[in-house]
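A.B. asks: Following this message is one structure expressed as structure tokens.
The values are calculated or read from the model by the stated rules, or taken from the named source; none is laboratory data. Because the structure is predicted, anything quoted here is derived from the model rather than measured. Here the Cβ positions follow ideal geometry from the backbone for every residue, glycine too, while neighbour counts run over all protein chains shown. For the accessible areas, the whole protein counts, side chains as well, though only heavy atoms, and no ligand, DNA or RNA atoms are used. Shrake-Rupley method; radii C 1.70, N 1.55, O 1.52, S 1.80 Å.
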Amino acid sequence: MEKFEHEYGAEQIQVLEGLEAVRKRPGMYIGSTSVRGLHHLVYEIVDNGVDEALAGYCSEINIEIEPGNIISVQDNGRGIPVEIHPKTGISTAETVYTVLHAGGKFGGDSGYKVSGGLHGVGASVVNALSNWTEVTIQRDGGIFQMKFEKGKTVKKLERIGDSKKTGTQVRFLADDTIFETTEYEYDVLEKRFREIAFLTKGLKITFEDKREEDSKKVEFCYEGGLSSFVEFLNKGKEAINKTPIYIEKNGEIPVEIAMQYTTSYSENIYSFVNNINTVEGGTHLEGFKRSLTKVFNDYARSHNILKEKDSNLQGEDIREGITAVVSVKVKEPQFEGQTKTKLGNSEVTGVVQSMVNDALATFLEENPAIAKAILEKCVSASRAREAARKARELVRRKSSLETTTLPGKLADCSSKVAEECEVYIVEGDSAGGSAKQGRDRRFQAILPLWGKMLNVEKSRADKIYGNDKLNPVIVAVGAGIGNDFDITKIRYGKVIIMADADVDGAHIRTLLITFFFRYMRPLIENGNVYLAQPPLYKLSKKGMEDVYCYTDEDLSKAYKELEQKGIQREQLALQRYKGLGEMNPDQLWETTMDPARRILVKVTMEDAMEADKTISLLMGDEVEPRRQFIQKNAKYVKNLDI
Ligand code: 0RA
């Protein structure tokens, strides 16, 4: 066989064993074999191009999804070196693709490999988990190419032509015997590439999806870097400082920060380490927050905004309405936390803190009007916090005096063991009624929502307590809100949002998720919030058990399966559910509430951030982005009353 014409030396055997280990335990290298893991393959390859850009040699990365879910990533960097590597006796390029963790070590000393990190496992892992990989390098006046199958070299690096350009192109097809799916999600990739472009000032990234007839193409390039990122995040909000405050320092630990205050009340700080979103924060974020608190308090004192008798502004007062992105590059990052997205390196705190101390203090001195506007907002936040505390105490005092403290409409469950209890939050009285009758009252509670939904965007904590729609949710969950939220006090292990599968349902879902994200964040971080999935269709026929379908794909699958059993489409009655209210209590139990049969979707932090952004866009002060959003989503938002 041609494939195995060369003999294996000891080095090569080690290589094959290494990649075999990756194929045996892919999860250890890329997290999982779900669609997330699949996307990680792309990020891994793109990261290599980003590293080349960070080293100053690459200005453009072109990514394509070709028909058949083949990924192509082309950069215009120096090209992976092609000469024989002294350690392995094969080309450096082949070494990079076949030796585990070979990325930086074999590639020279140009500060290579700072991006990545979380799953910065190297191109060899992508190669091992692909049906085939093809690498084409332009360098030293030539075009070189090599090919692999499931990690094994099937065509060694060979010069196939001439070229005056330089760069690297990688094409690969993920192995469908390893991944649950090999279908890439355009939106997920697009979002990540935009993020990378924001984080890598000046780098041009193009992304084209060629899987369908009419291909989609986007181009990202931000000369403003993180400032552009912050402006993007604040689209739809009214800015207090029109130009984001921008801080950059390229020392031993490079730090880049942009921040902008808006008239909103939420705090949106995103942090990154080596271009990875540190969702759980860490030492870099700690340094930033400490500095903010110190610099603004110092300024307020020295400019007599805080009088001697006044107590200091608290961190949360100073962060109200802030949108910031903090990005650091750390050589050997230690990631901690549940999802390994919390930076642990203690040396980073001081570096960020002292840098922000200097830069921010200078900025405030040079821009007194902006300093004044921001501090006015901080002071009013601190007053609101005080008012909220009083409102809360009032609620507490009331609840200790009254016997029935739970909301009147709540149909509670009989169990008092939180872990086994669930509360269904249901929009609409008729659905609430069906849910109450259909539930298993031992462990399922029902809270129908009524009253007017508060615009979470424009409200501070003191208003939230008083809102007739949200207050019952707070009392039912039983663990407070904001800084007082205490997850050990929750009365239900699962908080399940049950809304219709239509536009209004989507609206209430988004609002509730945003509310939980802003006021009970640990509930989402801890995975306690779920979405119920009511069916969209029912297929029925006399003498046959009803078949419920939750998506359009489900429906066509069901038709096909029934056809194989000899039941034709024409014999079936199709009911399309427009709302939960159309189901009787038994049906609701069978399809949406019975733990043995229902589908629950856990709300992740990513979902929550997305919801938060949608709400900002829909509820914010500026009309233009809202109009644009509605136009773009016109087919979904027909009945949305905003
Ligand atoms: C190390 C050294 C050199 C190039 C690269 C890495 C490199 C790797 C990748 C991976 C994807 N695209 C890439 N582009 C460049 C070259 C060192 C030199 O020319 O002196």
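A.B. asks: Just the residues that are closer than 22 Å to Lys237 by Cβ and in a strand (DSSP E or B), please, taken from the stretch 257-292.
C.D. replies: Residues satisfying the conditions are Ile257, Ala258, Met259, Gln260, Tyr261, Thr262, Asn268, Ile269, Tyr270, Ser271, Phe272, Asn277.
A.B. asks: Filter the stretch 98-110 down to the residues that are open to solvent by 20 Å² or more (accessible area, probe 1.4 Å) and either over 20 Å from Asn275 (Cα atoms) or at pLDDT 85 or above (or both) and list them by number.
C.D. replies: If the condition is that a residue be open to solvent by 20 Å² or more (accessible area, probe 1.4 Å) and either over 20 Å from Asn275 (Cα atoms) or at pLDDT 85 or above (or both), then Val99, Leu100, Lys105, Phe106, Gly107, Gly108, Asp109 are the ones that fit.
A.B. asks: Please state which one of Cys421, Cys378 is at pLDDT 90 or above and in contact with a Cys (Cβ under 8 Å, 6 or more places away or on another chain).
C.D. replies: Cys421
A.B. asks: Something else: Does any residue of the stretch 212-220 turn out to be open to solvent by 10 Å² or more (accessible area, probe 1.4 Å) and under 30 Å from Ala461 (Cβ atoms)?
C.D. replies: no
A.B. asks: Would you check which residues across the stretch 293-313 are assigned to a helix (DSSP H, G or I), open to solvent by 80 Å² or more (accessible area, probe 1.4 Å) and more than 16 Å from Asn367 (Cα to Cα) and list them?
C.D. replies: Lys294, Arg301
A.B. asks: Let me ask another. Restricting attention to the stretch 80-97, which residues are more than 14 Å from the ligand (Cβ to nearest atom) and either under 34 Å from the mean Cα position of the chain (by Cα) or open to solvent by 20 Å² or more (accessible area, probe 1.4 Å) (or both)?
C.D. replies: We begin by selecting, within the stretch 80-97, every residue more than 14 Å from the ligand (Cβ to nearest atom); these are 84, 86-90.
Within the stretch 80-97, Ile84, Pro86, Lys87, Thr88, Gly89 meet the criteria.
A.B. asks: Then there's this: Looking only at the stretch 155-191, how many residues end up being under 24 Å from Arg23 (Cβ atoms), more than 16 Å from the ligand (Cβ to nearest atom) and in a strand (DSSP E or B)?
C.D. replies: 4
A.B. asks: Could you check the stretch 568-614 and list, in sequence order, the residues that are in a loop (DSSP other than H, G, I, E, B) and surrounded by fewer than 16 Cβ atoms within 10 Å (Cβ to Cβ)?
C.D. replies: Filtering the stretch 568-614 for residues in a loop (DSSP other than H, G, I, E, B) gives 568, 572, 577-579, 583-584, 594-599, 603-604.
Gln568, Lys578, Asn584, Asp594, Pro595, Ala596, Arg597, Ile599, Thr604 - these are the residues of the stretch 568-614 that are in a loop (DSSP other than H, G, I, E, B) and surrounded by fewer than 16 Cβ atoms within 10 Å (Cβ to Cβ).
A.B. asks: Now, a different point. Tell me the residue from Thr339, Thr323 that is in contact (Cβ under 8 Å) with a residue 12 or more places away in the chain, touching a Pro at 6+ places or on another chain (Cβ under 9 Å) and either closer than 29 Å to Ala461 by Cα or not hydrophobic (A, V, I, L, M, F, W, C) (or both), please.
C.D. replies: Thr323
A.B. asks: If Arg194 passes every condition in (1) closer than 18 Å to Ile269 by Cα; (2) open to solvent by 30 Å² or more (accessible area, probe 1.4 Å); (3) part of a loop (DSSP other than H, G, I, E, B) but one, which one does it miss?
C.D. replies: All conditions are met except number (3).
A.B. asks: Failed condition for Gly142, given (1) at pLDDT 95 or above; (2) more than 14 Å from the ligand (Cβ to nearest atom); (3) surrounded by fewer than 22 Cβ atoms within 10 Å (Cβ to Cβ), with all others met?
C.D. replies: The single condition Gly142 does not satisfy is (2).
A.B. asks: Ok, one more. Checking Gly56 against (1) within 9 Å of the ligand (Cβ to nearest atom); (2) in a loop (DSSP other than H, G, I, E, B): exactly one of these is not met. Which one?
C.D. replies: (1)
A.B. asks: Against the definition (open to solvent by 30 Å² or more (accessible area, probe 1.4 Å) and hydroxyl-bearing (Ser, Thr, Tyr)), how does Tyr537 come out, yes or no?
C.D. replies: No: the conditions fail for Tyr537.
A.B. asks: Could I ask something else about it? What's the total number of residues in the stretch 65-79 that are charged (D, E, K, R), more than 11 Å from the ligand (Cβ to nearest atom) and open to solvent by 50 Å² or more (accessible area, probe 1.4 Å)? Steps first, answer last, please.
C.D. replies: In the first step, residues of the stretch 65-79 are kept if they are charged (D, E, K, R); the result is 66, 75, 78.
Narrowing the set further to residues that are more than 11 Å from the ligand (Cβ to nearest atom) leaves 66.
In the following step, the residues that additionally are open to solvent by 50 Å² or more (accessible area, probe 1.4 Å) were identified as none.
Matching residues across the stretch 65-79 total 0.
A.B. asks: Just to be sure, is Leu470 within 24 Å of the chain's Cα centre (by Cα) and buried (at least 21 other Cβ atoms within 10 Å of the Cβ)?
C.D. replies: Numbers: within 24 Å of the chain's Cα centre (by Cα): no; buried (at least 21 other Cβ atoms within 10 Å of the Cβ): yes.
So Leu470 fails the test.
A.B. asks: Out of the stretch 160-184, which residues are within 21 Å of Ala123 (Cα to Cα) and either of a type in the set (Lys, Arg) or open to solvent by 20 Å² or more (accessible area, probe 1.4 Å) (or both)?
C.D. replies: Once the filter is applied, which keeps residues that are within 21 Å of Ala123 (Cα to Cα) and either of a type in the set (Lys, Arg) or open to solvent by 20 Å² or more (accessible area, probe 1.4 Å) (or both), the stretch 160-184 yields Thr166, Gln169, Arg171, Leu173, Asp176, Thr177, Ile178, Glu180, Thr181, Thr182, Glu183.
A.B. asks: Okay, moving on. Exactly one condition in (1) open to solvent by 20 Å² or more (accessible area, probe 1.4 Å); (2) within 23 Å of the chain's Cα centre (by Cα) is not met by Leu512; state its number.
C.D. replies: (1)
A.B. asks: Being among the small types (Gly, Ala, Ser) and either assigned to a helix (DSSP H, G or I) or surrounded by fewer than 16 Cβ atoms within 10 Å (Cβ to Cβ) (or both) is true for just one of Ala388, Ala324. Which residue is that?
C.D. replies: Ala388
Residue-by-condition table, conditions (1) modelled with pLDDT of 95 or more; (2) part of a loop (DSSP other than H, G, I, E, B):
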residue: Glu64; (1), (2): yes, no
residue: Ile80; (1), (2): yes, yes
residue: Tyr112; (1), (2): no, yes
residue: Gly116; (1), (2): no, yes
residue: Gly120; (1), (2): no, yes
residue: Asn127; (1), (2): yes, no
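A.B. asks: More than 30 Å from Gln314 (Cα to Cα) and open to solvent by 40 Å² or more (accessible area, probe 1.4 Å): which single residue out of Arg442, Arg460 fits that description?
C.D. replies: Going through Arg442, Arg460 in turn, the sole match is Arg442.
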